[in-house]
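Q: To start, I am sharing the structure in question, which I have written as structure tokens.
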Amino acid sequence: MAHVFLDLDGTLSDPWEGITRSVMQALEQVGVTPPPAETLGWVIGPPLIESFAKLGVDDVEAALGHYRARYADVGLFENHVYDGIEAALAGMRDAGHVLCLVTAKPHVFARRITERFGLDAYLAEQFGPELDGTRNDKAELLAHALAVTGAEAARSVMVGDRHHDFDAARANGVKALAVRWGYGAPEEWAQADAICDAPGELCAAIGALLDR
């Protein structure tokens, strides 16, 4: 048995519409002209408080508040599960793996999303930061998940699309699997132990990693 820790945005679901619309509205509210939506893919994955700072926002807490006001109402469901993900989750579960969510999205939002799209049925635990920023750092969050679940790091895999996922895995002695269908870049995927090209290959890719 192995523990598989799964990122949410860009790994299980595509949150492009909800996140970019909410970011753009928040920027307008704090007086920052938003860039074109098509240039905002990089904000999907990292903690938003860091992204707002990079976007030139002085009062990042105010921007985060405006973001959450829209996102909590409509943005979190402007989202869709990637084709093949539910079958992949079922396959990993049936292979005996314990599946857990580890996301940079506050868990109060993440749980609403996984419940809406039926992904919660496959997840033994769901971990995300608190709204006050506690465990915003993904390495700290993964360490917390390992402690709560009692998972053995050497028999665990972190699956994600951005370097934050692979950095967290490395910091905790966990194997990292990159997925190509999210919002990461090749130079980020290169930091993982292996790369998966499609959801249907997830179970085999995890098995191969664990056998190394």
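None of the figures in this text is laboratory data; all of them are computed from the coordinates on show. Computed from a predicted structure; not experimentally measured. Counting neighbours? That spans all protein chains shown, and the Cβs are built from the backbone with ideal geometry, glycine included.
Q: Taking the Cα centre of segment 16-77 as origin, sum charge times position over the Cβ atoms of Lys and Arg (+1) and Asp and Glu (-1), and report the length of that vector in debye to the nearest 20.
A: 100
Q: Further question on the same structure: Would you mind putting 123-130, 90-97, 160-167 in packing order, based on average other-beta-carbon counts within 10 Å, highest first?
A: Ranking, from highest mean packing down: 160-167, 123-130, 90-97.
Q: In addition: Provide the net charge surrounding residue 88, with neighbours chosen by a C-beta distance below 11 Å and charges set as Lys +1, Arg +1, Asp -1, Glu -1.
A: Around residue 88, the surrounding residues sum to -3.
Q: Further question on the same structure: For segment 65-141, just say rounded, prolate or oblate: build the C-alpha gyration tensor, square-root its eigenvalues into a ≥ b ≥ c, call rounded for a/c under 1.5, and beyond that prolate if a/b exceeds b/c, oblate if not.
A: Verdict is oblate for segment 65-141.
Q: So, one more: From the Cα gyration tensor of segment 16-77, with a ≥ b ≥ c the square roots of its eigenvalues, which class applies: rounded if a/c is under 1.5, or else prolate if a/b is larger than b/c, or else oblate?
A: It comes out rounded by the Cα gyration axes.
Q: Just how large is the dipole of the chain about the Cα centre, in debye to the nearest 20, putting +1 at every Lys and Arg Cβ and -1 at every Asp and Glu Cβ?
A: 300
Q: Mind jotting down the distance between the C-alpha centroids of segment 176-190 and segment 55-82, whole Å?
A: First find each Cα centre; the distance between them is then 24 Å.
Q: Taking all pairs of different Cα atoms in the chain, averaging 1/r and flipping that mean, what Kirkwood radius in angstroms comes out?
A: Hydrodynamic radius (Kirkwood, Cα pairs) of the chain is 17.1 Å.
Q: Per DSSP helix of 4 or more residues, -39500 (n - 2.57); summed, then divided by the residues of the chain. What does that give at 222 nm, rounded to the nearest 500?
A: Helix contribution divided over all residues of the chain: -12000 deg cm²/dmol.
Q: Okay, moving on. If I stretch the segment between residue 1 and residue 204 completely, what's the gain in nm (0.36 nm per residue apart, minus their alpha carbon distance), one decimal?
A: 71.6 nm
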